[in-house]
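Presented below is the structure to which this report refers.
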Amino acid sequence: MAQPPRQFTVLDVRDLPSPDPARIGKWDKLVVYELDPTHRYTIRVPAESFDKEALVAAVKADIQERSLWVNQSFPL
């Protein structure tokens, strides 16, 4: 990603039991979001703290983490 995206679109939100061992018995929101028609990703956000601010922060963190790896080549 050459330039950071300016917006994202939420395509779907689902509730699911958290797979995190530290959160057993709690729920997460699984969010599918799109940066553009060719880039779709998923994130998990704890259901108890899910709101617009938490969603935007999670997407920003996901994009930042992804940018560390995208377009890198590694020798085999």
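Read-outs throughout are calculated quantities, based only on the coordinates presented, and are distinct from any laboratory measurement. Keep in mind it's a predicted model, so treat the numbers as computed, not measured. For neighbour counting, all protein chains shown are included, and Cβ atoms are generated from backbone atoms with ideal geometry for every residue, glycine included.
For this structure, a couple of remarks:
- Under conditions of 10 °C and 1.306 mPa s, the chain yields 116 µm² s⁻¹ as its translational diffusion coefficient, taking Rh as the Kirkwood radius over Cα pairs in the Stokes-Einstein equation.
- Close amide H partners of Ser18, meaning residues 5 or more places away or on another chain with modelled amide H under 5 Å apart, are Gly25, Lys26, Trp27, Asp28.
- Neighbour-limited loop hits for trypsin sites (Lys or Arg not before Pro), region 13-76 (at most 16 other Cβ within 10 Å; DSSP other than H, G, I, E, B): Lys26
- Placing +1 on the Cβ of every Lys and Arg and -1 on the Cβ of every Asp and Glu, with nothing else charged, gives region 26-76 a dipole about its Cα centre of roughly 80 debye.
- Sparse packing (at most 16 other Cβ atoms within 10 Å of the Cβ) combined with a DSSP loop state is found for the following chymotrypsin sites (Phe, Trp or Tyr not before Pro) in the chain: Trp69.
- Helix axis angle, 52-67 relative to the chain longest principal axis, alpha carbon, degrees: 40
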